[in-house]
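Below is one structure; the comments refer to it alone.
Every number in this text was worked out from the coordinates using simple rules, so none of it is lab data. All of these numbers come straight from a predicted model, not from anything done at the bench.
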Amino acid sequence: MSVEEKETKATVARDLELSEDTEVQDINNVKERLNGRFSGNTDDPSTPTFTVRAFTIGFFWCFFLSIVNTLLSFRTNSFGIGANVALILSYPIGLVWAALLPKGSIINPGPFNVKEHALIYVFASTGTGIPYGIDNIVAQVFPAMMNNSEITIFHSIAFCLVTQFLGYGISGLVRRFLVKPTAMW
């Protein structure tokens, strides 16, 4: 008996043993029941991603979650609304948008698809964070603390943007050391 025949017999015996295992049968049953219920792992390049619909809904959720989470951060027991809320609520909004507006235009290129939904989630998840400089501005302007009335809305927005961009700049500087090396030590 050759080595290949022995390997074939061993493979057949293992497959037979696995086919009789109840846990493997349960997993196969679940796979059969769930087959086709989720999106596949293939990409259809003909479906549009960067559409006016995706950008409009995404910007709405980004701005809305940013404002609401910033306001909610001032509570004693602060909490925030996650991007999952936008993920769940943006799907029916996208479907309604696709159904009501005229098809084939730049505003409605066709049916609402998974790529647009994922892009909306990315927009929404960027809006869930609170800028680092908000607490500093509140402490400076609040009458019970520093009561600095010379700080204008322009100064406040500029300070928030500078603190946010400073983080992006530092991450860009250390990218060569932290991201580029493929080896893990």
Difference of contour (0.36 nm per residue) and Cα-Cα distance, residue 173 to residue 151: 4.8 nm
Max mean-square fluctuation residue, GNM over the chain, Cα-Cα springs under 10 Å, options 57, 153, 137: 153
Under-5 Å amide H pairs with residue 82, H placed in peptide plane, nonlocal only: none
Globularity index of the chain, i.e. its alpha-carbon radius of gyration over 2.2 N^0.38 Å: 1.65
Percentage relative contact order, the stretch 48-117, counting C-alpha pairs under 8 Å, at least six apart: 43
Length added when fully stretched, residue 2-residue 158, from 0.36 nm per residue minus Cα-Cα: 48.5 nm
Number of Lys pairs (Cα under 30 Å; 8 or more positions apart or on different chains) in the chain: 4
Range of Cα positions in the stretch 91-131 per principal axis (Å), largest first: 39, 17, 17
Most fluctuating residue given options 108, 29, 77, as computed from a GNM of the chain linking Cα atoms under 10 Å: 29
Gain in span if fully extended, residue 144 to residue 32, counting 0.36 nm per residue against the direct Cα distance: 33.9 nm
